[in-house]
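The values are calculated or read from the model by the stated rules, or taken from the named source; none is laboratory data. The structure presented is a predicted model; accordingly, all values stated were derived computationally and were not measured. Here the Cβ positions follow ideal geometry from the backbone for every residue, glycine too, while neighbour counts run over all protein chains shown. These area figures cover heavy atoms from the full protein model, side chains too; ligands, DNA and RNA do not enter into them. Shrake-Rupley method; radii C 1.70, N 1.55, O 1.52, S 1.80 Å.
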Number of protein chains: 2
Amino acid sequence: MGNRETLGIKMLRKEYDHIILLAHGSPDPLWKQPFESLYHQVSQTYGEGNVSLAYMELTSPSLEDVIATLGKEVRQIGVLPLFLAVGRHLRQDVPEQIAALQTDGLDIKLLPPIGDDERIKQAMQAVIANHLGKV
Amino acid sequence: MGNRETLGIKMLRKEYDHIILLAHGSPDPLWKQPFESLYHQVSQTYGEGNVSLAYMELTSPSLEDVIATLGKEVRQIGVLPLFLAVGRHLRQDVPEQIAALQTDGLDIKLLPPIGDDERIKQAMQAVIANHLGKV
């Protein structure tokens, strides 16, 4: 079990040199605060060089802005959408943005949205149960 | 501690007769699947009469549709946005929708978005750490 976990970590580490958290963006300047706060937490904990925060539209920096700042040693990028579901944006707009930024030396992969993860699903159920007075 | 928890549950139960989960809505018909799945889980667990699912725009049912189906015994409604952050929609559009649906016998309260909850924040950090190969 310990070996399997260690192997899992190595595989993940090898898969991506850098993770870009991608939030939607909004005309409201206060909207980005929780995403910046989340980014601050994870970059403090896991290293600023390993993770960035970008926005799909309306809020800067864009995916293009962020990728332009990365060093040449970064060749495998995972884009993790801070979205709860896949719609037009993740099925069409973001893949188009990524396709335009793909180069010979750079492999950018769009990950499933964070809302797909079982941990988020379980946390949402817990919050709802709490509002229903059940926990 | 047991007493405090019991009291907490009673207070929450008294506060809302019904919780409406409010998701954004999308032109993509597949987009709503994770929200319907979440709704199915919580309504099966905590009772269909206690919780509904509505969409702010583009996807039906709307908040208005859902409220029209509720019985007269429902007087206190909590609207829980399945959003990660507060922007124009939750600061302006949804409060306007709610104000238009408020009647003498009905008290509709807009709750903070689900993304504000510490359980969601921690789950997001865990998912990101996992993609970074740190857990």
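Quick test for you: out of A:53, A:63, A:82, pick the one residue that is closer than 29 Å to residue B:81 by Cα, touching a helix residue (DSSP H, G or I) at 6+ places or on another chain (Cβ under 6 Å), more than 11 Å from chain B (Cβ to nearest Cβ) and at pLDDT 95 or above.
Values: A:53 fails: more than 11 Å from chain B (Cβ to nearest Cβ); A:82 fails: more than 11 Å from chain B (Cβ to nearest Cβ).
Of A:53, A:63, A:82, the one residue that is closer than 29 Å to residue B:81 by Cα, touching a helix residue (DSSP H, G or I) at 6+ places or on another chain (Cβ under 6 Å), more than 11 Å from chain B (Cβ to nearest Cβ) and at pLDDT 95 or above is A:63.
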If we keep just the residues of the stretch A:121-135 that are small (Gly, Ala, Ser) and within 14 Å of residue B:123 (Cβ to Cβ), which is surrounded by the fewest Cβ atoms within 10 Å (Cβ to Cβ)?
A:126
Here the residues within the stretch B:84-120 that are charged (D, E, K, R) and open to solvent by 60 Å² or more (accessible area, probe 1.4 Å) are B:88, B:91, B:96, B:104, B:107, B:109, B:116, B:118, B:119
Do we have any residue at all in the stretch A:71-78 that's on the phi > 0 side of the Ramachandran plot, without any contact (Cβ under 8 Å) to a residue 40 or more places away in the chain and open to solvent by 20 Å² or more (accessible area, probe 1.4 Å)?
no
Filter pass, residue B:46 being without any contact (Cβ under 8 Å) to a residue 24 or more places away in the chain, among the aromatic types (Phe, Trp, Tyr) and either open to solvent by 30 Å² or more (accessible area, probe 1.4 Å) or facing chain A (nearest Cβ under 10 Å) (or both):
yes
Filter result for residue A:27 (at pLDDT 90 or above, within 12 Å of another protein chain (Cβ to nearest Cβ) and open to solvent by 60 Å² or more (accessible area, probe 1.4 Å)):
yes
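Has the stretch A:92-99 got at least one residue that is facing chain B (nearest Cβ under 8 Å) and of a type in the set (Asp, Glu)? Even if it seems obvious, please write down each step before you answer.
As a first pass, look at the stretch A:92-99 and keep what is facing chain B (nearest Cβ under 8 Å): none.
No, the stretch A:92-99 has no match at all.
Return yes when residue A:9 is more than 30 Å from residue B:92 (Cα to Cα), facing another protein chain (nearest Cβ under 7 Å) and modelled with pLDDT under 95 and no when it is not. Break it down stepwise before answering.
Numbers: more than 30 Å from residue B:92 (Cα to Cα): yes; facing another protein chain (nearest Cβ under 7 Å): yes; modelled with pLDDT under 95: yes.
So residue A:9 passes the test.
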